[in-house]
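Note sheet for the following structure.
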Amino acid sequence: MAHPLMFDADDPILQRVREIALALPGASEKVSHGRPAFFTTKVFAYYGGSIKIDGSYEQHDQSLVVHPDEEEVRSLAEEDRCYRPAYLGPSGWIGIDLDDDTDWSEVDELIEASYRMTAGRRHIAELDAR
């Protein structure tokens, strides 16, 4: 059974995330578990996530879930806008709630950092050559 879609394709925040993620060399988008996932050979970002509280899932529909380096994750985890996403959090992923006040240059940096953790050498070399 397929997962239900858990996003609005016309969401303007998703559009901004999509522009940043798909500008990276070799990046593509697919829907995984009902949410947009951005990947090269492996996923480097998801749009939307959830946390499990007392056996129920709390959705963070307008959020970015990324896997930057450990130091960045520790720093972000201290902020109220961030959360450890269900399933992915224990593997070093972090979720960041997005809204109209989001610092998009920070989002760009986080997506790129996560991309660098998963992209192949050729794609990273292409990014560095820009």
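What range in the chain is the longest one free of GluC sites (Glu not before Pro) that are in a loop by DSSP and have at most 12 other Cβ atoms within 10 angstrom?
Numbers: sites that count: Glu78, Glu79.
No qualifying site falls inside 1-77, the longest such stretch.
When the helix-only estimate is applied to the chain (DSSP H runs of n ≥ 4, each -39,500 (n - 2.57), divided by the residue count), what is the mean residue ellipticity at 222 nm, nearest 500 deg cm²/dmol?
Calculated from helices alone, the mean residue ellipticity at 222 nm is -9500 deg cm²/dmol.
Which order do you get for Val73, Val43 if you rank them by accessible area with a 1.4 Å probe, largest at the top?
Val43, Val73
Which log10 I(q)/I(0) values does segment 1-62 give at q = 0.20 Å⁻¹ under the Debye formula, counting every alpha carbon as one identical point scatterer?
-0.80
Report the label-to-label distance for His3 and Ala129 in nanometres (one decimal), using points 7 Å from each Cα along the Cα→Cβ vector.
3.5 nm
Quick check: at a probe of 1.4 Å, how many percent of the accessible area of segment 58-107 sits on carbon and sulfur atoms? Let's see the in-between values first.
Details: 1170 of 2860 Å².
Here carbon and sulfur together make up 41 percent of the probe-accessible area.
Report the label-to-label distance for Ser28 and Lys52 in nanometres (one decimal), using points 7 Å from each Cα along the Cα→Cβ vector.
3.1 nm
Stokes-Einstein diffusion coefficient for the chain at 20 °C in a medium of 1.002 mPa s, Rh from the Kirkwood formula over Cα pairs: what value in µm²/s?
Numbers: Rh = 14.9 Å.
My calculation gives 144 µm²/s for D.
For segment 26-74, which trypsin sites (Lys or Arg not before Pro) are both in a DSSP coil and crowded by at most 16 other Cβ atoms within 10 Å?
Loop-located and lightly packed - Lys42.
The values are calculated or read from the model by the stated rules, or taken from the named source; none is laboratory data. None of the values given here were measured: they were computed from a predicted structure. In this analysis, Cβ positions are derived from the backbone assuming ideal geometry, glycine residues included, and neighbour counts consider all displayed protein chains. Areas reflect the complete protein model, heavy atoms only, side chains present, ligands, DNA and RNA absent. Shrake-Rupley method; radii C 1.70, N 1.55, O 1.52, S 1.80 Å.
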